[in-house]
Amino acid sequence: MQVLTYLFWPNPGIASYGSLSMITLLSISTGLIVLAVVVRFLRPRLDAVARKLTRALPSVCTAFGLVGCVLVVSRVEGVQYLSMRFLWVIWFLLLGLFVVFQWKIYRQGHYRIERTSVEVSLRDKYLPARKHKL
């Protein structure tokens, strides 16, 4: 019962921007926003399959980053019900699921097509040629 109270308490206490947990969460959130900008600019340089697979990555990273920043600010400023620890649990679970699914889709869709070399035999010029129909 204590765990449920800990997770679902609407106003979990006083936090400051200087605490290690808030600095860590804020840096993860801003890191996701920076990652979205970097991927958006580097995407045209990727090959066609990687471009297709990273199509949703910038928008999802931006959304996760903004929601994370809102959760950090609401926790520090003491906004009730938005500063619940359970929202952070949901945020991390959804972020983890997105990373796992993105990695799985990337592994399935991004494969290398290896070129096969055509063996040219010296006897090919002596074999009968195929007749073409008109």
- line: With R₀ set to 25 angstrom, the calculated FRET efficiency between the beta-carbons of residue 6 and residue 66, to the nearest 0.05, is 0.45
statement: For 12-22, 27-37, ranked highest to lowest by mean beta-carbon neighbours within 10 Å, the order is 27-37, 12-22
query: Which Cα, out of 26, 117, 50, lies furthest along the positive dipole direction of the range 1-132 (beta carbon charges, K/R +1, D/E -1)?
result: 117
query: Restricting attention to the range 25-134, which GluC sites (Glu not before Pro) occupy a DSSP loop and are surrounded by at most 13 other Cβ atoms within 10 Å?
result: 114, 119
field: the chain - Rg and Dmax from Cα coordinates, angstrom
entry: 26.4, 89
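Every number in this text was worked out from the coordinates using simple rules, so none of it is lab data. Predicted model, so just to flag it, every value in this text is computed and none were measured. Glycine also receives a Cβ, built like all others from the backbone with ideal geometry; neighbour counts cover every protein chain displayed.
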